[in-house]
Amino acid sequence: MTREEINKHKIAAKKLGTIKERAFLFIKKNINKVSEYDVNRFVLSEFKKEGMVTQKEYPTQIISFDQNTSIVHYYPKAKGSRIVGKNNLVLVDIWAKLDEKDAPFADITWMGYTGRNIPPEVKKAFRLVIGARKEAIRFLKEKLKDKKLPRSIEVEKTVRNYLDKFKVEKYFTHGVGHSLGIAQDHGTYFKFSSKTKSKMKLSVPFTIEPGLYFKNKFGIRSEINCYLTRDYKLIITTEVQNKITKI
């Protein structure tokens with residue numbers, strides 16, 4: 001992508017961070033009053049305020065509470081979505097781009113908790129997810145020292161091997177990440193997968209988003225955006241979550 005396109009991605013990433021904070025505040029002010037779908041609608045209204053648009057094929061954002069966080073791609077519906085309460089785990093996964101020509105997407109996931117005492121099992125899973133995210137970054141930076149572009153399968157294996165050391169790899173039920181496109185959130189440049197051997201590309205934004213999903217219990221995901229410069233440096237374009245946000 002061009003420098004101008006990368007800059008548009010950076011602006012979108014910053015705006016998503018702001019909208020995420022507003023979404024957490026909206027939840028905090030409306031405990032026992034709003035549903036996952038209501039928060040989704042709030043986020044979409046914030047996109048409009050910030051001059052952003054989301055993907056037409058998937059306009060509903062992934063907003064989930066408690067047990068629903070264990071569903072990787074949970075899209076809340078107008079009827080039947082969960083009401084947020086006290087001591088609820090909250091997952092906010094939002095993606096959008098500037099409503100301009102040649103503007104790439106940004107895509108983030110953050111975890112929150114509507115209480116003071118986060119359950120130990122949730123804390124443990126979060127630490128493992130953050131460790132996996134850091135391991136992916138470490139691996140990429142190590143490869144880039146030699147001016148080498150890693151293959152997507154190598155990044156995938158690095159994360160899965162890390163989680164396997166802690167006997168939780170089986171709970172990681174989606175890929176490490178994907179490139180970010182202009183026409184759609186999931187770009188066609190490359191994706192991290194255990195089946196593809198394609199190389200990563202310079203100057204293309206991408207996500208790193210490891211997660212652990214315990215069926216009918218809870219799920220944890222952390223998602224950041226990055227890109228590789230033409231001189232083989234890794235740049236992170238989003239905020240980086242290291243603690244679950246207490247809402």
Residues of segment 1-44 being buried (at least 20 other Cβ atoms within 10 Å of the Cβ), under 18 Å from the mean Cα position of the chain (by Cα) and either over 23 Å from Asp102 (Cα atoms) or of a type in the set (A, V, I, L, M, F, W, C) (or both), in sequence order, are Ala12, Ala13, Leu16, Ile19, Lys20, Ala23, Glu36, Val39, Asn40, Val43
Of Phe218, Phe214, the only residue that is surrounded by fewer than 21 Cβ atoms within 10 Å (Cβ to Cβ), out of contact with any Cys (no Cβ under 7 Å at 6 or more places or on another chain) and among the aromatic types (Phe, Trp, Tyr) is Phe214
Here the qualifying pairs (Cβ atoms under 9 Å; residues six or more apart or on different chains; first in segment 48-68 and within 13 Å of His186 (Cα to Cα); second assigned to a strand (DSSP E or B) and modelled with pLDDT of 95 or more) come out as Thr54/Ile94; Thr54/Trp95; Thr54/Ala96; Thr54/Lys97; Gln55/Trp95; Gln55/Ala96; Gln55/Lys97; Tyr58/Trp95
Scanning for something modelled with pLDDT of 95 or more, small (Gly, Ala, Ser) and outside any loop (DSSP other than H, G, I, E, B), does segment 83-93 turn up at least one residue?
-> no
Scanning segment 149-166 residue by residue, those in contact (Cβ under 8 Å) with a residue 24 or more places away in the chain and farther than 17 Å from Ser222 by Cα turn out to be Leu149, Pro150, Arg151, Ser152, Ile153, Lys157, Phe166
The condition from (1) under 17 Å from the mean Cα position of the chain (by Cα); (2) in a loop (DSSP other than H, G, I, E, B); (3) not β-branched (Val, Ile, Thr) that Ala78 misses is numbered (1)
Here the residues within segment 1-23 that are in contact with a strand residue (DSSP E or B) (Cβ under 7 Å, 6 or more places away or on another chain) and either of a type in the set (D, E, K, R) or within 16 Å of Asp66 (Cβ to Cβ) (or both) are Lys8, Lys15, Lys20
If we ask which residues in segment 167-213 are within 23 Å of Lys143 (Cβ to Cβ), among the aromatic types (Phe, Trp, Tyr), touching a residue at least 24 places away in the same chain (Cβ under 8 Å) and in a strand (DSSP E or B), their number turns out to be 2
**Message:** On the basis of being closer than 25 Å to Ala13 by Cβ and either crowded, with 18+ Cβ neighbours inside 10 Å or among the acidic types (Asp, Glu) (or both), does Glu156 make the cut?
**Reply:** yes
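The values are calculated or read from the model by the stated rules, or taken from the named source; none is laboratory data. All of these numbers come straight from a predicted model, not from anything done at the bench. Positions of Cβ are generated from backbone atoms using ideal geometry, with glycine treated the same way; all protein chains shown enter the neighbour counts.
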